[in-house]
Structure formats: C-alpha cells, structure tokens
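The values are calculated or read from the model by the stated rules, or taken from the named source; none is laboratory data. Here the structure is a predicted model, which means the values were calculated and not measured. All Cβ positions, even for glycine, are placed from backbone atoms using ideal geometry, and neighbour counts span all protein chains on display. Side chains are part of the model used for accessible areas, which takes the heavy atoms of the whole protein and leaves out ligands, DNA and RNA. Shrake-Rupley method; radii C 1.70, N 1.55, O 1.52, S 1.80 Å.
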Amino acid sequence: MTQTSDTTSYKDIKRTVLRRIRSGEWQPESLLPNEQELAVEFSCTRTTVNRALRELADEGFLERRRKAGTRVLSAPQRQARFTIPLVRDEIEAMGGTYRYALVSTETQPAPDWLGARLALRPDQSVMHVRCMHFSGNTPFQFEDRWIVIDSVPQVVQADFSGTGPNDWLVQTVPFTNVELTFLASRADAALAGFLDVSEGEPVFTAERITWLEGQPVTFAKMYFAAGYRMTTEF
C-alpha cells in the first residue's frame, strides 16, 4: 500500500496497522518495520508514522522501546478511561437540581497520614474543606478535601461558602497527573447522617490525588449516596 503524502493521515496508518495485526499478518510479539520504512511505504513523514504508532501504543496494541523497536503485544492491554464531571454537571445531566452546602473549612498543619500520602514536609499546612452536594433535597455526595497551601497559596483567600472546592480548583489551578482509587467504605455515624444511610452501611467512595509538575495539589475523598454508579467504556 502506497499513498501520497497529500492523502495519508496518521488515522490511515492506524487503520492499516490494526488490520494487519487483526488479520495475523503481523503476529503477536513480532517487530514492526521501523518508522523510516513505514514512512516510505505510506509516502508520508516519520512524524505522521510516529503519531499513529504512539496512539496505538497508548491504546494497548503495541509496545515501543527505544532502540528495541515497536512490537505487537500478545494481548491488547485495553485502558479504561473515566470522565469525571463536576458534581453540578453530573446532577443536572440526570435531571436533578444542584444544591451545595459548606460543612466546615479549616487551615491546619498536614496530619501525619496525609503528609505520608503526599510526601509533604512536616511544616506544610493544608486547607481542609468538607462539604455536601445535593440533588434537590436528596444527599448526593459528601466531599472531604485537603488542599496543599504551598501548591495553591491563593486558597487561603478562597470563599467556599457558595462554591465547592473542586469547582474552585478547576478554575484556579491546572493539574498534570491524577491518581484515582475506588473502594467501599463503611459509613461512620457522621457520614451516615450526611448521606442519610445507616451507620456501618457500605458507601461507594472515590479517592483522588492531583499533582502539578510533581507538586501535590489536593487529596479528596468523595462519598456517594446509595444508588450511585460509575460507568466506563473501553
């Protein structure tokens, strides 16, 4: 297959590579031709080939190693991608009316467990914000968030009485890395009261840590009311 550089796109190359993998023309663990050879075949630039192969590697079909070349993985390593909307958007998308309530906010030294989790210095301070998100009058999510002041100094002047900390962070500071953890927690007496569930009842919980260029920005735990579900496709 040879095409002109005017018509060959990285998407064309991705489709051809995938077809060859799926048809068995390129077997699992086999090495692909190098980028220069593929660029000649497709009559395009190496940059175009590189983008196609890089995306296929990100999607779990190829493994790329510097100096070792690009090989076909024996089993595609599919990646699940989660879209994490703002709570307001999530509630309104389900037809609900969003309502927010601040529970507490406090500036304090980072507790030992948080310092260990985020690799903070002993003298670093954090803003601790707890708040509730409702769909109408029904509890939807309890948010327990810690914001590292050295990473986001403007948080000291932030007013969370009418705006949730996640909304504020999205508008104020970018992030470069995210760690997500999903688990079931048992509701203690306080959490049971916030979410209107029985004490000891399992609660869907999401933990999220964000960094900006290696600096920890925030650690948050979001507890969801009964019936919440998260769906992804891959």
Each label sits 7 Å from Cα toward the beta-carbon; between L102 and S23 the label points are separated, in nm, by 6.3 nm
For 126-137, 14-25, ranked highest to lowest by mean beta-carbon neighbours within 10 Å, the order is 126-137, 14-25
Taking a ≥ b ≥ c as the square roots of the Cα gyration tensor eigenvalues, with a/c under 1.5 meaning rounded and otherwise prolate when a/b beats b/c or oblate if not, region 87-224 comes out prolate
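In debye to the nearest 20, how big a dipole does region 180-234 give about its Cα centre with +1 on each Lys and Arg Cβ and -1 on each Asp and Glu Cβ?
That gives a dipole near 60 debye.
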For E201, E92, the accessible-area ranking with a 1.4 Å probe, largest leading, is E92, E201
Here, trypsin sites (Lys or Arg not before Pro) of region 167-234 satisfying both criteria (DSSP loop; at most 11 other Cβ within 10 Å) are R229
Magnitude of the Cβ-charge dipole (Lys and Arg +1, Asp and Glu -1) of region 10-72 about the Cα centre, nearest 20 debye, reported as 140 debye
Ignoring ligands and nucleic acids, T70 exposes an accessible area, probe 1.4 Å, in Å² to the nearest 10, of 20 Å²
Rounded to whole angstrom, the alpha-carbon centroid of region 159-182 lies from that of region 115-130 at a distance of 16 Å
Taking Cα pairs closer than 8 Å and at least 6 residues apart, the relative contact order of the chain in percent is 14 percent
tail above 32 Å in the computed P(r) of the chain, as % of all Cα-Cα pairs, reads 43 percent
Note on region 10-72: contact order normalised by length, alpha-carbon pairs under 8 Å, 6 or more apart, percent, works out to 40 percent
With +1 on the Cβ of every Lys and Arg and -1 on the Cβ of every Asp and Glu, the dipole magnitude of the chain about its Cα centre, in debye rounded to the nearest 20, is 960 debye
